[in-house]
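The values are calculated or read from the model by the stated rules, or taken from the named source; none is laboratory data. Source: prediction; values computed, not measured. Heads up, the Cβs are rebuilt from the backbone with ideal geometry, glycines too, and the neighbour counts pull from every protein chain shown.
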Amino acid sequence: MSAPNKEFDPKQVSDLSEDSVNRMVAAALTAIGAAGDLSELKEVRLAHFGDRSPLALANREIGALPPAAKAEVGKRVGHAKAQIKDSLTSREEELELLRDQQALLQEVVDITVPTDREWTGGRHPLTTLMDAMADVFIAMGYSVAEGPELEAEWVNFDALNVPADHPARTMQDTFYVTSSDSGAVLRTQTSPIQIRAMLERDPPIYVVAPGRVYRTDELDATHTPVFHQIEGLAVDRGLTMAHLKGTLDHLAEQMFGAGIVTRLRPSYFPFTEPSAEVDLQCFVCRGSSIGNPDASCRTCGSEGWIEWGGCGMVNPRVLRAVGIDPHAYTGFAFGMGIERTLMFRNGVTDMRDMVEGDLRFTRAFGVEA
Amino acid sequence: MRIAASWITELTGVLAPGRDMAERLIAAGLEVEGVVVVGEGLMGDLVVGHVEDIEELREFKKPIRYCLVDVGAEHGGIRGIICGAQNFVIGDLVVVALPGTVLPGGFEISARETYGKLSNGMICSEREMGLGEDHDGILVLPKATAEAGTDAKPIVGIGDQILEIAVTPDRGYALSARGIAREVAIAYSVPFSDPIDRTPVLPAPTQTRKPAACASDDLESCDLFTLSTVVNFDPHAFTPQWMKNRLRECGMRSVSLAVDITNYVMLELGQPLHAFDLDKLQGMVRAGHPREGEIFETLDHVERTLSESDLVILDDRGTIGLAGVMGGLDAEISDSSTNIALEAAHFDATAIARSSRKYKLSSEASRRFERGVDRTIAPYAAARALELMLECGGGEYVGMNAVEAPMQVTVITISDQLPSRIAGMEIPAQQVVDLLTAVGCRVIHEDGQLEVAVPSWRPDITDQADLVEEVVRLIGYSNLPSTLPVAPAGRGLTHAQKLRRRVGTALAHAGLSEVLSYPFVGPLDLTALRIPAHDSRRDMPTLANPLSDEQPWLRSSILFTLIPAARRNIGRGHVTTPIFEAGSVFHGAVSTESIPVMTAEHRPTQAQWEALERALPNQPFHIGAVLSGDAQQAGWWGPARSFDWSDSVQLARTITQACGLELVVSRASDPMFHPGRCAQLQVTDSDGKMHMIGVAGELHPALIDSFGLSARSCAMEIDLSTVIAAAPLVRSAPIFSTQPVAKEDLALVVDINVDAVSVERALREGAGDLLESIRLFDVYSGPQIGEGKKSLAFALRFRSPDHTLSADETTKARESALARAVIQCGAALRA
């Protein structure tokens, strides 16, 4: 009734009453809340906030109102529009978030499929075990000494107090180079590195020498003609067998766990006197398997001890051969097989696995033994 | 040395289980490898049987005997027993396992029907009783050993515990019951009565004829030689069962009474003896040297050509024995020898070791002589053997001749504190004296000094340190304290050692697995590896005694042994084999003349040491890799990518980068590699000097074929020693600008034979200081470019240290780069 109704086509005039506006707002808010996604919201926006929306149409009516009513109704409609706009905005934000979340859900993959495009490599466990053992000594202030694998017989034998026709020379089956009297051999032990270390430096000498050695053994489950040892040598004033024992105990503990100790048994090596075999306390059963058939130990064969290497006090004759005064200095030396250590430490059952170059063996260890 | 615990008990009075003896001996330094019980597992009765009658059953495939054997009234008297052996006669004493007895190995004897007879027991062989391996026939006991029905177990030694001792080269005395008994006595702290303190029961020599004469032509090598004569010895006399048992338990076979006695006395006292047939000797028996080239046949039926330096035993006709090693066939005693000349001598350990090594002949005698035999014991051992001979084989002792050089007793003076100082624990002086005395030394203790006279059976004790070892081992190494010495502050790993570790780890992280191959190669390997006849890599050391005659050389290249390792992996089904190895290679042969002969009595002179170092071949540390198969495996992500030449070059780059060096790649040729796909690798050191470090590329198809590698397999080898020598110790910090970057791309067409690296170098030179980086991002050849041409597309980045580059500046630099490439490489801008 607020506008002249000149046309034939009658037009419903919007109701601008408070009730009516509230109803429009309520309807809009309900529709906005019901919009499930952004496209639905777009339709809701058109329907309730677009140019043809009831509120927009109602808004047009304001001009026809008497001036006194204009302000009040204008305020009412403006408030309604703001309410709807806010609701639209917040709903839009909600729905955008929902859309983004759903988009990520669309990208779900099977996270368990293989991912190994590239190969995994590894260092040979003998290498890393040698490094690990050397590191124990590096931490104590030792250096790593080196020497050639093709060595002079003098260094490999004579200087180590193994005279030419001594049975000790035949204890180790030697590869001779060129001929049996050329004076050159493939070193049968890492001990020649002791000689080089003592020729190259003055006491005090604390060195460790890991390396490859050779003997004319055929390859089988427990022998290989090419194998590895680690040698330790200390020459200083006042070194004793107690120091030797302490050093070996420390190595045992570092490699096999706290409390593991070594045992020395008298033996014979030409380059040490007194000499001893080194046994390692079994790090698996710690001796509990001895005489205990119900809890037998495969690692030590229920002996409680594992043969590990040889050691002793450097024979004064060896010191003499390198020009160190045996009255002023004493020394100790020790050596153990790396293959053997790896076999019982890491449970390798067949020597051939280590030497045949099968990459499965290496890969299994990665970069640490 | 194997020895029965019962024998030790007889000599020492120590009655202890074998295991206990073993443990104490181990603690004292004798390596007891095991204790075995003779006839372990045998249960039930084993009795002496007297063979009453033998019926030969001939209707079977092999001769069978049905024997009537008296096993004593308490075991049922005479029984019928079937036996397949033929080595016994009526009246012999045998060992019978009665029904119910279980033999070692769980074999139970029962009375049973066989060959149509009831066999009521079994006549046993040595092997069946678990005594030894002898299965030639049944065991026949010497006549009158025991009554029928006697328990046979103690008679044949069943239940004896045998200690198996690995005797180290310094303990020759432990190759005898006497020596081991002494150690046991010390270990159990009981007084030791030396068996040689008992005088053998021997009649005065009859001198009915002249005893065989002897001499030593070389008193240095043979300083004591005795020869004893016995006549009218009964060659058919039996060796007593107890002696047979001991020989068997020590691992020796019974041969004949005379030989058994020589062996027995050797086992008892450690003195090897040799019995000659007196009637086969002619003239004087001498220790000396043969004629050069003399042919001599040893007991083992091997003819040996002697040289003048050998130590032998001779008579007037020539050599009759290789002294201290093995006798000759000609003068050997036989089944019928009644007159015997018995040699007991002392030979120089070195001389015997030399013979044994030279003739590859190791005998019970040589093992003892080369470890040192008691210098004084030969006459006593001869007397002991004569005593046993006369006792068991009758005969008449005619006399003994001997020749001897003056003997020197080793006397060593040490401080009574030395053992304490070396052990690192307090050892009272009196205990030192007591222990050395127990070992057999005579000790004079005065003013803190010990004057120690070493016993004749311990030639190994020559130095103060040897005496220290005797003392400390007898105190027990288990009593040593455990103390860590304090080393001076260390320097850690050397730069080279760190880099070697780093390079290995870098390759492992690049997906390669480290393998270790044997460094042995041979002619067939080199042919397959396509190494030409005059290639310098063929100059390798040769082993005098290789494991295989097919591989006598030591590798001069890692790839020589790594490629076969790759083949082995592929053979095991690893089609993809990315492997590497780092290790020594060997360059150049060793001449037999070049290494100086030096004494170990003192430090070599500087000149000697340098000569020795020079004579050894160069042995650089190389690292090699073989890439065969897929670089990236096929998967849900797509198809596999095979390794190609570029992977091998990149691997080399990984190595040089780990060492802080830029890799310089250029074209090369190597017969092992594809002629068009082989790179020469170089690095530049901090002085700007270039070093050749190796090769990389695709292996030659023919080589790939020979080794069965995957098609287009690649390889790389680098001399890591050279790389490390060139590597910087300290790396310099980079200087870089934060001004904006200007990017320019350049696509150039060049002749197909122009290497990218040279175009890049030209662009780099031409672009000047504003160039920050350059990278080849595309290579193309095809019809659009034209025949014999290729297109190289480079991305150039320019940056100024202090301002934003203007378009002009960038263009100028780009033009200048292009101009240089046009001039130097004949490049044209791609249309």
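Only one of the numbered conditions (1) in a loop (DSSP other than H, G, I, E, B); (2) modelled with pLDDT under 95; (3) more than 9 Å from chain A (Cβ to nearest Cβ) is violated by B:ILE570, and that is (1).
Within segment B:573-591, if we keep just the residues that are surrounded by fewer than 24 Cβ atoms within 10 Å (Cβ to Cβ) and either outside any strand (DSSP E or B) or over 27 Å from the mean Cα position of the chain (by Cα) (or both), the residue that is farthest from the other protein chains (Cβ to nearest Cβ) turns out to be B:VAL575.
Picking from residues in segment B:782-810 that are within 17 Å of B:ALA747 (Cβ to Cβ) and among the charged types (D, E, K, R), the one that is surrounded by the fewest Cβ atoms within 10 Å (Cβ to Cβ) is B:ARG797.
Annotation: of all residues in segment A:276-304 being hydrophobic (A, V, I, L, M, F, W, C) and farther than 24 Å from A:THR190 by Cα, the one that is surrounded by the fewest Cβ atoms within 10 Å (Cβ to Cβ) is A:ALA295.
Residue by residue, here is whether (1) closer than 18 Å to B:THR226 by Cα; (2) within 14 Å of another protein chain (Cβ to nearest Cβ); (3) in contact with a strand residue (DSSP E or B) (Cβ under 9 Å, 6 or more places away or on another chain); (4) touching a residue at least 60 places away in the same chain (Cβ under 8 Å) holds:
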site	(1), (2), (3), (4)
B:HIS274	yes, no, yes, yes
B:GLU294	no, no, yes, no
B:ASP300	no, no, yes, yes
B:ILE320	yes, no, yes, no
B:ALA331	yes, no, yes, no
B:SER334	no, no, yes, yes
B:ALA345	yes, no, yes, yes
B:ARG357	no, yes, no, no
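Please determine whether any residue of segment B:475-485 is in contact (Cβ under 8 Å) with a residue 40 or more places away in the chain, of a type in the set (A, V, I, L, M) and in contact with a Pro (Cβ under 9 Å, 6 or more places away or on another chain). So far as segment B:475-485 goes, yes, one or more of its residues are in contact (Cβ under 8 Å) with a residue 40 or more places away in the chain, of a type in the set (A, V, I, L, M) and in contact with a Pro (Cβ under 9 Å, 6 or more places away or on another chain).
If the condition is being buried (at least 22 other Cβ atoms within 10 Å of the Cβ), part of a loop (DSSP other than H, G, I, E, B) and out of contact with any Ser or Thr (no Cβ under 6 Å at 6 or more places or on another chain), then segment B:532-563 contributes B:PRO541, B:SER556, B:SER557.
From the list B:PRO532, B:PRO541, the one residue that fits, being of a type outside the set (D, E, K, R), touching a residue at least 40 places away in the same chain (Cβ under 8 Å) and more than 9 Å from chain A (Cβ to nearest Cβ), is B:PRO532.
Each residue in segment A:330-363 was checked for being within 12 Å of chain B (Cβ to nearest Cβ) and part of a loop (DSSP other than H, G, I, E, B), and 3 pass.
For A:THR247, the stated conditions hold: it is in the same structural domain as A:MET351 (by TED's automatic domain parsing), over 27 Å from A:MET351 (Cα atoms) and not in a strand (DSSP E or B). A:PRO266 satisfies every condition listed in (1) in contact (Cβ under 8 Å) with a residue 12 or more places away in the chain; (2) surrounded by 24 or more Cβ atoms within 10 Å (Cβ to Cβ); (3) in a strand (DSSP E or B) except (1). Tallying residues that are more than 10 Å from chain B (Cβ to nearest Cβ), of a type in the set (D, E, K, R) and under 15 Å from A:MET140 (Cβ atoms) within segment A:232-258 yields 1. Note on segment A:115-126: among residues that are touching a residue at least 24 places away in the same chain (Cβ under 8 Å) and facing chain B (nearest Cβ under 7 Å), the one that is surrounded by the fewest Cβ atoms within 10 Å (Cβ to Cβ) is A:THR120. With a requirement of 1 or more residues that are closer than 17 Å to B:GLU40 by Cβ and of a type in the set (Gly, Ala, Ser), the strands (runs of 3 or more DSSP E) lying completely within segment B:74-139 that satisfy it span B:93-97. For beta carbons closer than 8 Å, sequence separation of 6+ or different chains, a first residue in segment B:734-757 that is over 18 Å from B:GLY782 (Cα atoms) and a second that is assigned to a helix (DSSP H, G or I) and among the β-branched types (Val, Ile, Thr), the qualifying pairs are B:ALA742/B:THR810; B:GLU744/B:THR810.
Where strands (runs of 3 or more DSSP E) fall wholly inside segment A:143-222, the ranges with 2 or more residues that are more than 20 Å from A:PRO326 (Cβ to Cβ) and within 7 Å of chain B (Cβ to nearest Cβ) are A:150-152. Among the residues of segment B:479-503, those identified as within 30 Å of the chain's Cα centre (by Cα) and either of a type in the set (Phe, Trp, Tyr) or at the interface with chain A (Cβ under 7 Å from one of its Cβ atoms) (or both) are B:GLN497, B:ARG501.
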